[in-house]
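Asker: Following this message is one structure expressed as C-alpha cells.
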Amino acid sequence: MRLTPVYPSDFPAILALAYRNSGKHAEAIDAARASLELKRDNLDPHLIMAASYVALGHAEEGRLVAEHALQIKPEFSLSDYGESHPYKNQSDLDLLLERLGAAGLSK
C-alpha cells in the first residue's frame, strides 16, 4: 500500500483482518475504516470493526457498526458466516462469532 498510492478497498480490508486476527483491534478498526472510505458497502470491514470494538470493550460502537452491516446484507446470519469462513482453530472462529453476537448480529 505504501508503494501504490491508489489501491482497491480490499487491501486495507485484508490488513484489518490481519490486525484483528493478531489481536491488534485498534489497528484493525483504523484499517477497516480506511477500507470503508474507499468502498462504503463492503461487508467484511464492518464485521471486522464490530468484532474489534467488542474486543476492546466498546460494545455500543460495535452494535452501531453491526447495524450498518445488516443494512448491507439484511439476511446475514452468524451460522452461515461461520460455515463459510473456516478457521484452523475452531476456538478462534467461536470467539469471533461470540464477539459478532455481542455486537447484535444473530444466528
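The values are calculated or read from the model by the stated rules, or taken from the named source; none is laboratory data. What you are looking at is a predicted structure, and each value in this text was computed from that prediction instead of being measured. Every residue, glycine among them, receives a Cβ derived from its backbone with ideal geometry; neighbour counts consider all protein chains shown.
Asker: Considering segment 13-67 alone, what residues qualify as being over 22 Å from Asp94 (Cβ atoms), touching a Leu at 6+ places or on another chain (Cβ under 7 Å) and surrounded by 22 or more Cβ atoms within 10 Å (Cβ to Cβ)?
Answerer: Correct list: Ala31 only.
Asker: How about segment 69-103: which of its residues are assigned to a loop (DSSP other than H, G, I, E, B) and more than 23 Å from Lys24 (Cβ to Cβ)?
Answerer: Of everything in segment 69-103, those that are assigned to a loop (DSSP other than H, G, I, E, B) and more than 23 Å from Lys24 (Cβ to Cβ) turn out to be Lys73, Pro74, Glu75, Phe76, Ser77.
Asker: Now for a separate question. Within segment 44-68, take every residue that is among the aliphatic types (A, V, I, L, M), more than 8 Å from the chain's Cα centre (by Cα) and part of a helix (DSSP H, G or I) and give me the one that is farthest from Ser106 (Cα to Cα).
Answerer: Result: Ala55.
Asker: Looking only at segment 68-103, count every residue that is loosely packed, with under 12 Cβ neighbours inside 10 Å and within 11 Å of Ala50 (Cβ to Cβ) and tell me the total.
Answerer: 0
Asker: In segment 1-34, which residue that is among the hydroxyl-bearing types (Ser, Thr, Tyr) and at pLDDT 95 or above is farthest from Glu67 (Cα to Cα)?
Answerer: Per the stated criteria, the residue is Ser22.
Asker: Determine whether segment 56-74 contains at least one residue that is over 20 Å from Asp10 (Cα atoms), in contact with a helix residue (DSSP H, G or I) (Cβ under 6 Å, 6 or more places away or on another chain), at pLDDT 95 or above and acidic (Asp, Glu).
Answerer: yes
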